[in-house]
Amino acid sequence: MKLLRGLISFSVGTVLGALGQKTLGITGMVLGSIAGIFAGYWGARRLMP
């Protein structure tokens, strides 16, 4: 379960980082990655017991 949660967090962080880079450049990539990691972790905790 921990591995799956980590994979979800990493995947969401990567996607949001890429979207942030397209819109705001390097700053957006960093902010999007950090936000994506937290969002992915929160979502994985909500979906899996």
Cα-based convex hull volume of the chain per residue, rounded to whole Å³: 48
Carbon/sulfur fraction of accessible area - the chain, other protein chains in place, 1.4 Å, %: 76
Rounded accessible area per residue of the chain, 1.4 Å, Å²: 77
Rounded to 10°, Cα long-axis angle of helix 26-47 versus longest principal axis of the chain: 20
Difference of contour (0.36 nm per residue) and Cα-Cα distance, T27 to R45: 3.7 nm
Relative contact order of the chain, pairs being alpha-carbon contacts under 8 Å that are 6 or more residues apart, as %: 42
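The values are calculated or read from the model by the stated rules, or taken from the named source; none is laboratory data. Values in this document were obtained by computation on a predicted structure and should not be read as measured data. The accessibility values were calculated without ligands, DNA or RNA, using every heavy atom of the protein model including side chains. Shrake-Rupley method; radii C 1.70, N 1.55, O 1.52, S 1.80 Å.
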